[in-house]
Amino acid sequence: AQSVTQLDSQVPVFEEAPVELRCNYSSSVSVYLFWYVQYPNQGLQLLLKYLSGSTLVKGINGFEAEFNKSQTSFHLRKPSVHISDTAEYFCAVSPRGYQKVTFGIGTKLQVIP
Amino acid sequence: NAGVTQTPKFQVLKTGQSMTLQCAQDMNHNSMYWYRQDPGMGLRLIYYSASEGTTDKGEVPNGYNVSRLNKREFSLRLESAAPSQTSVYFCASSDGASTRREDEKLFFGSGTQLSVL
């Protein structure tokens, strides 16, 4: 079985400041890792994913994440946030070869003007 | 291109009533899923269907049943609704059989907000 821990339930940050949303996972097998974003009253959209290869993954809207196998982490970063980035962000993991995805509890990013 | 369509968007039930949440996708995806989203608990998988004709329990299946009617449609039924089933329900789909793992991702509907009184 796998699990995901998102360490911060809410992260307030000023506009144009950098942000890091933290995610740790546990699994007994190799996994794929994902970040999804949910804007108010909408379903989730894929932001980026790590399947294999380079540990630094770039996604949409200027976000990137780094896979760290030794620390079992997949933290999401953006160097300069915008008001439009205000949303809830979910880290997720799935075993390789399967589609059963396990989600974290989510981190609400609030960008302050 | 509609993607994943869920109906209804909102529903209020009384305890003990039954209802079916409908989901349809037009992307020819093999796999479909039902999740529920609760504050502080993220998304939890209720049931999934890896391919047409198969269904499997997820993390929280109790109190629910599903039907994979055809490749496009995957419905979720509450036989006797309970207040603990008050939640936002999301249907999702994925290719599931893609030979390019890089193409795998979940596509979500916009959700059904269900209140059980």
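At a glance:
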{"quantity": "Contact order normalised by residue count of chain B, Cα under 8 Å, 6+ apart, percent", "calculated": "35 percent"}
{"quantity": "Förster radius 41 Å - calculated FRET efficiency between A:ALA1 and A:ILE83 (Cβ-Cβ, nearest 0.05)", "calculated": "0.60"}
{"quantity": "Longest segment of chain A lacking GluC sites (Glu not before Pro) that sit in a DSSP loop with at most 15 other Cβ atoms within 10 Å", "calculated": "A:17-113"}
{"quantity": "Three-way shape label, segment A:1-105, alpha-carbon gyration tensor, a/c 1.5", "calculated": "prolate"}
{"quantity": "Sequence of A:TYR32, B:TYR89 from largest to smallest accessible area, 1.4 Å probe", "calculated": "A:TYR32, B:TYR89"}
{"quantity": "Hz values of 3J(HN,Hα) by residue in segment A:35-41 - Karplus curve (6.51, -1.76, 1.60), Gly and Pro given as x", "calculated": "10, 10, 10, 10, 7, x, 6"}
{"quantity": "C-alpha center-to-center spacing [segment A:1-51, segment B:35-84] in angstrom", "calculated": "23 Å"}
{"quantity": "Accessible area, probe 1.4 Å, largest first, for residues B:LYS14, B:LYS105", "calculated": "B:LYS14, B:LYS105"}
{"quantity": "Accessible surface buried once A binds B (1.4 Å probe; total of both sides; Å²)", "calculated": "1600 Å²"}
{"quantity": "Virtual spin-label span in nm between A:ALA17 and A:GLN42, 7 Å along Cα→Cβ", "calculated": "2.4 nm"}
{"quantity": "Spin-label pair A:GLN10/B:SER80, simplified geometry with 7 Å Cα→Cβ offset, distance in nm", "calculated": "3.9 nm"}
{"quantity": "Low-density loop positions, trypsin sites (Lys or Arg not before Pro), segment A:19-112 - DSSP coil, at most 11 other Cβ in 10 Å", "calculated": "A:LYS69"}
{"quantity": "Theoretical gain in end-to-end length, B:PHE10 to B:LEU117 [0.36 nm per residue, Cα-Cα removed]", "calculated": "37.1 nm"}
{"quantity": "Karplus (6.51, -1.76, 1.60) ³J(HN,Hα), θ = phi - 60°, over segment B:71-79, in Hz, Gly and Pro reported as x", "calculated": "5, 7, 10, 9, 9, 10, 10, 9, 6"}
{"quantity": "Segment B:THR54-B:SER18, length gained on full extension (0.36 nm per residue, minus Cα span)", "calculated": "10.6 nm"}
{"quantity": "Label-zone membership for segment A:52-94, site A:ILE112, 7 angstrom Cα→C-beta point, backbone N under 20 Å", "calculated": "A:78-89"}
{"quantity": "Quotient of Cα Rg and 2.2 N^0.38 Å for chain B, N being how many residues it contains", "calculated": "1.03"}
{"quantity": "Restraint check, B:LYS71/B:LYS105; B:LYS57/B:LYS105; A:LYS49/B:LYS9; B:LYS9/B:LYS57, Cα-Cα greater than 26 Å", "calculated": "A:LYS49/B:LYS9"}
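The values are calculated or read from the model by the stated rules, or taken from the named source; none is laboratory data. Small disclaimer: the values here were computed from a predicted structure and weren't measured. Reconstructed Cβ throughout: ideal geometry from the backbone, glycine too, with neighbour counts over all protein chains shown. What goes into the accessible areas is simple: the full protein's heavy atoms, side chains included, and nothing from ligands, DNA or RNA. Shrake-Rupley method; radii C 1.70, N 1.55, O 1.52, S 1.80 Å.
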